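Q: One structure coming up, written as structure tokens, with questions to follow.
The values are calculated or read from the model by the stated rules, or taken from the named source; none is laboratory data. Predicted model, so just to flag it, every value in this text is computed and none were measured. Heads up, the Cβs are rebuilt from the backbone with ideal geometry, glycines too, and the neighbour counts pull from every protein chain shown.
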Amino acid sequence: MVTIQCKNITFPNIQAILFDKNGTLEDSEVFLRALGQKGARIIDAQIPGVGEPLLMAFGINGDTLDPAGLISVASRRETEIAAAAYIAETGRGWFESIAIARQALEEAQQYIDQTPSPLFVGSLDVLKYLSAAGLKLGILSAASSENVQKFVAIHQLSDYIQLSMGVDEGPSKPDPILFLQACQALGVEPRATLMVGDSAGDMQMARNAHAAGCIGITWIGNSGNVKGADVVINQLDQIQIVED
């Protein structure tokens with residue numbers, strides 16, 4: 001066990017740290033914005049008039065992406081359901097609406113998923129540093145498990161990341177069962193595990209699972225996006241190990 005310090009907050013007896021992926025380790029803003037824009041265009045081509053309100057629902061305004069918006073923090077399944085609701089408003093049947101939304105987002109991802117999103121600067125060094133101290137590290141993301149595993153493989157993080165967990169079926173963030181399942185998979189207790197994420201959902205999930213602490217990261221400096229955090233940082237290297 002180690003003691004972690006962030007700014008003036010200390011977390012003793014820590015065995016593991018779980019990280020969100022999008023917006024925490026991965027600088028995915030460009031990808032998510034392009035995914036939402038392309039998906040909305042594909043849907044609008046089939047059902048004119050749906051595209052603009054759908055972009056607003058996704059949290060996309062021109063070249064700006066709301067880090068607390070739907071496409072930034074929701075699972076793929078939740079994004080499909082939200083898009084399908086806009087389609088269904090036009091009089092389409094629900095099953096048809098879901099099928100259109102799913103196909104559009106899959107086609108959009110295939111179209112734009114050519115260049116992987118980069119790690120935030122310094123993220124790899126921090127993972128190496130924490131892993132070398134004997135901490136168990138995992139990723140707990142609202143993205144699909146396949147997406148998380150692909151991210152770990154592309155950035156060659158498998159030496160440091162011991163759990164690559166996404167949301168496929170069933171509960172999504174902020175359901176605390178996800179945090180509990182991740183801790184069980186790592187073989188650690190929630191009270192000895194920290195959560196690092198960029199959304200209020202990450203904080204709520206970990207808090208309700210009785211985690212050791214919640215570290216909110218906001219690379220853009222908006223602490224409102226991580227309401228409920230014990231401490232808010234702007235760089236991952238602000239997570240420091242205190243020598244006993």
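Q: Residue under question is Ile98, and the condition is that it be in contact with a Phe, Trp or Tyr (Cβ under 9 Å, 6 or more places away or on another chain) and surrounded by 16 or more Cβ atoms within 10 Å (Cβ to Cβ); does it hold?
A: Working: in contact with a Phe, Trp or Tyr (Cβ under 9 Å, 6 or more places away or on another chain): no; surrounded by 16 or more Cβ atoms within 10 Å (Cβ to Cβ): yes.
Considered against the rule, which asks whether it is in contact with a Phe, Trp or Tyr (Cβ under 9 Å, 6 or more places away or on another chain) and surrounded by 16 or more Cβ atoms within 10 Å (Cβ to Cβ), Ile98 comes out as no.
Q: Scan the stretch 165-198 residue by residue and report those that are buried (at least 23 other Cβ atoms within 10 Å of the Cβ) and farther than 24 Å from Thr10 by Cβ.
A: Val167, Lys173, Leu178
Q: Right, another one. Over 22 Å from Ile71 (Cα atoms) and not polar (S, T, N, Q), is that true of Leu178? Don't jump to the end; show me each part of the working.
A: Numbers: over 22 Å from Ile71 (Cα atoms): no; not polar (S, T, N, Q): yes.
Considered against the rule, which asks whether it is over 22 Å from Ile71 (Cα atoms) and not polar (S, T, N, Q), Leu178 comes out as no.
Q: For the stretch 135-244, which helices (runs of 4 or more DSSP H) that fit wholly inside it have 2 or more residues that are at pLDDT 95 or above and farther than 21 Å from Phe120 by Cβ?
A: The helices (runs of 4 or more DSSP H) meeting that bar are 176-186, 200-208.
Q: So, one more: Among the residues of the stretch 43-50, is there at least one that is outside the structural domain of Ile217 (by TED's automatic domain parsing), of a type outside the set (Gly, Ala, Ser) and closer than 26 Å to Met195 by Cβ?
A: no
Q: How about the stretch 1-81: which strands (runs of 3 or more DSSP E) wholly inside it have at least 1 residues that are under 20 Å from Ala212 (Cα atoms) and free of Cβ contacts under 8 Å to residues at least 40 places away in the same chain?
A: On the way: elements: 2-6, 9-14, 16-19.
Output list reads 9-14.
Q: Could you tell me which residue of the stretch 110-150 is farthest from Asp20 (Cα to Cα), considering only residues that are buried (at least 21 other Cβ atoms within 10 Å of the Cβ) and in contact with an Asp or Glu (Cβ under 7 Å, 6 or more places away or on another chain)?
A: Of everything passing the filter in the stretch 110-150, Val126 is farthest from Asp20 (Cα to Cα).
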